[in-house]
Every structure is written in structure tokens, then in C-alpha cells.
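The values are calculated or read from the model by the stated rules, or taken from the named source; none is laboratory data. It should be emphasised that the depicted structure is a prediction, and the values quoted were computed from it without experimental measurement. Neighbour counts run over all protein chains shown; Cβ positions are idealised from the backbone, glycine included.
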Amino acid sequence: MKTAPPNTWTSNALAKVQGELGIIPQEAADEIVKNCDINQIDWAQLKAKTEQIGYPIIAVVNQINANCKGKLGEYCHWGATTQDITDTAAVLQIHEGLALVEEDLKDISNALANLARTHRNTPIIGRSNLQQATPITFGYKMASILAGIERHRERLQQLKPRVLVGEFGGASGTLSSLETGAMETQAGLMKELGLGQPLISWHTVRDNFAEVGAFLGIVGGSLGKIAMDVKLLMQTEVAEVYEPFAPGRGSSSTMPQKRNPISCLYIHANVSVVRQLAASLMDAMVADHERSTGPWEIEWVALPEIFCLMSGALKQAKFILSGLEVDAEQMRLQHRHDAWAGHVGSRDDGPGPLHRP
């Protein structure tokens, strides 16, 4: 994990590449790289200047410039525009965020696979419209959810080449601010940062960030499905599974008999908000001309919130699935009781005591 803010990673890498290409003096590149240091940032001044200007990049550049000797800092962000630095920094953060999501999905997949194997022969009643349907196994129930998680893992690999692409286009995206070496700078910068090189500037073509939000939104939907089933199966009159036990967790201040589904509640709340924020990223796509007048800033609010909320939901899902308490005997009892009572059947059962015309 990198320790400096992504804006300074990008500034550092740009100066290094342009120095190597001879686009800026090597002495200037070395001086800028030396001063792209988080410990040299005056945060109070950065806050004040950002509030005054409206963007943080000029305030960062001014501080780097002031710390460089002999005005060599004036070569900082040579040929770049504010959005180049901000977008590329955001992609670097998305890169790290998706790596965490990927690891969490792997853990969730493994937990579901374990439950599916363990309970492949554990009978449980299927439910349709919250009514008892035909018998299934709990392993089957877990395996069907596992299939969805595996599709998410596949989607994540598919979206990476589209999303993990940096931005370096200059004022209007044409890199006209650099007379020579523009594309070489772009290629070198993206290689230095470990990102893909853009086919063309995407300052106001924001499908990539919207795709990240949509992906996390549907992952959240699958986590919500898990939470929904678990909390329904935790109902007193069902009592077939429980969230992992922890002393005092899920207790009530007035009803001591209760064991509330706490993790399920957090997942439900978080993923509901994520879906709304993902929709706002679709709004951010409706951008004007080559540099937009507001839609871009929607991402500044929505994306960090989406990742934070999904981090919590993924953590709670891992907690549930890794220690899910399954009462296999209660499942069998429910199944046998309903079968004997003639409450369970379908057209496929054929004639016999379970058949209901």
C-alpha cells in the first residue's frame, strides 16, 4: 500500500518521466520528485487555498513549487491540467479499493463453497413467495448464491482493463500544450503508475467510473440477498440459521429473549445507499463539452462513499458466512413436519401422500 496521497504519486511520476524524456530539465525533475513529499505539505494552507480556489491541485503545485530551489518547481505538472491529476489519482485509489474488494469476494466465495460442501445433503424446505415450497438442500441454497459471487469475480477481471486507465490530456484533451513528446509522456506516465494508457481523453466521457459504481451496486445486491435470507431464517418461528454468536451481540434492551440479526441489518442499510449513489454516477456521465461544469464533482462525493459502504457490507458478509450457525436438525424437523402434514408438494411429486391437486 502506498503511503503518500495519490495526487503526489502522479506529480512525482510525471516529473520523473518528463525528465527522462528531456521534456523538462533533469535538474527540475529531480527537484520536483524530491519535494513531492507528504511531510512537506502544509495541510492548513492546503485547506485554505482549496476552499479559496475550489480545487486542491493548484494549492498542491504552489507548495511543491515553493519548496523547490531556483524556481525549478515551475515545471511541476508540465502540460497537464487539474483534471488529469485528479482523475489519475482517483483511478489509483480505485485500483487499491478494487484490490480489497477482490480479496473480500474471494473470502466470501470460499466461505459459501465450504457451506455448500458441508450441507450438500442437509434437507431444508424451499420457500416461494415466503410460503413453503418443495424440499431442497441447504448446500444447494448456498451454491446458488456462490454462483452469483463467482460471476462478480469474473466481472471484476473484465472491468479492470476499462477502468484502470489514467488520464493525461491537457486543457481540452488534445495535449496541445506539449509541442513534442506528448504521447511519450502519456505512455511513460501510465507505465510508471501501473495504469493503462487511454485510447483518447476521457475528461467528460465518464462511463468508466459509472461502471465501477454499477459493479459495486450489483455486488451489494448479492450481499443484500445473503442478508435477507439469513435474517428470515433467524426468525424465532424458523430458527434454522443464526449469525455467529458474540456475547451481547444482537441483544435487546427490553426483550431479553431476542437475538437480532445485526450484521444483516448493516448490510441491508449499506447496500441500499450504495445503489442510490451508483445511480448518481450515471448522472455524472451527462457532462458538457470537453470539461464539465459540475457533473464531475458528483464523483468526488459518490465514489468514496460507495467504497466505504461496500467495505463495511463486505466485512459483515464475511463475518456471517465464515461463522454461520446452521441448525441442521431444525431444518430436518421443519422439512419432516411439513411433509408429514401434507403441506409440501408439487405436480412433480406424482400420486401419493405429498400430492396436492
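Among the residues of the stretch 125-137, is there at least one that is within 29 Å of the chain's Cα centre (by Cα), free of Cβ contacts under 8 Å to residues at least 40 places away in the same chain, more than 29 Å from G312 (Cβ to Cβ) and assigned to a loop (DSSP other than H, G, I, E, B)? No, the stretch 125-137 contains no residue that is within 29 Å of the chain's Cα centre (by Cα), free of Cβ contacts under 8 Å to residues at least 40 places away in the same chain, more than 29 Å from G312 (Cβ to Cβ) and assigned to a loop (DSSP other than H, G, I, E, B).
Give the residues of the stretch 89-124 that are of a type in the set (S, T, Y) and in a helix (DSSP H, G or I), sorted by residue number. The answer is S109, T118.
In the set A214, A182, only one residue is surrounded by fewer than 19 Cβ atoms within 10 Å (Cβ to Cβ), hydrophobic (A, V, I, L, M, F, W, C) and not assigned by TED's automatic domain parsing to the domain that holds W300; that residue is A182.
Yes or no, residue by residue, for (1) over 21 Å from G221 (Cβ atoms); (2) assigned by TED's automatic domain parsing to the domain that holds A111; (3) surrounded by fewer than 17 Cβ atoms within 10 Å (Cβ to Cβ); (4) of a type in the set (A, V, I, L, M, F, W, C):
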position	(1), (2), (3), (4)
R127	no, yes, yes, no
L130	no, yes, yes, yes
A133	yes, yes, yes, yes
L146	no, yes, no, yes
L156	no, yes, no, yes
L159	no, yes, yes, yes
G169	yes, yes, no, no
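To keep it simple, each residue is scored yes or no on (1) in the same structural domain as E167 (by TED's automatic domain parsing); (2) buried (at least 19 other Cβ atoms within 10 Å of the Cβ).
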| site | (1), (2) |
| --- | --- |
| A13 | no, yes |
| D37 | no, no |
| L46 | no, no |
| I57 | no, yes |
| D87 | yes, yes |
| E103 | yes, no |
| K106 | yes, no |
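Selection of the stretch 24-45 for residues being modelled with pLDDT of 95 or more and of a type in the set (A, V, I, L, M) yields I24, A28, A29, I32, V33, A44. Restricting the stretch 172-200 to residues that are without any contact (Cβ under 8 Å) to a residue 60 or more places away in the chain and part of a loop (DSSP other than H, G, I, E, B), the residue that is farthest from A90 (Cα to Cα) is E179.
R259 meets all of the listed conditions (1) surrounded by 15 or more Cβ atoms within 10 Å (Cβ to Cβ); (2) part of a helix (DSSP H, G or I) but one, namely (2). Output the residue which, of all residues in the stretch 1-23 that are β-branched (V, I, T) and at pLDDT 90 or above, is nearest to A187 (Cα to Cα). Filtering the stretch 1-23 for residues that are β-branched (V, I, T) and at pLDDT 90 or above, the one nearest to A187 (Cα to Cα) comes out as V17. I'd like to know if the stretch 285-293 contains one or more residues that are assigned to a helix (DSSP H, G or I) and either polar (S, T, N, Q) or at pLDDT below 95 (or both). Looking through the stretch 285-293, none of the residues is assigned to a helix (DSSP H, G or I) and either polar (S, T, N, Q) or at pLDDT below 95 (or both). How many residues, within the stretch 126-179, are among the aromatic types (F, W, Y) and within 19 Å of V241 (Cβ to Cβ)? Residues that pass the stated criteria total 2.
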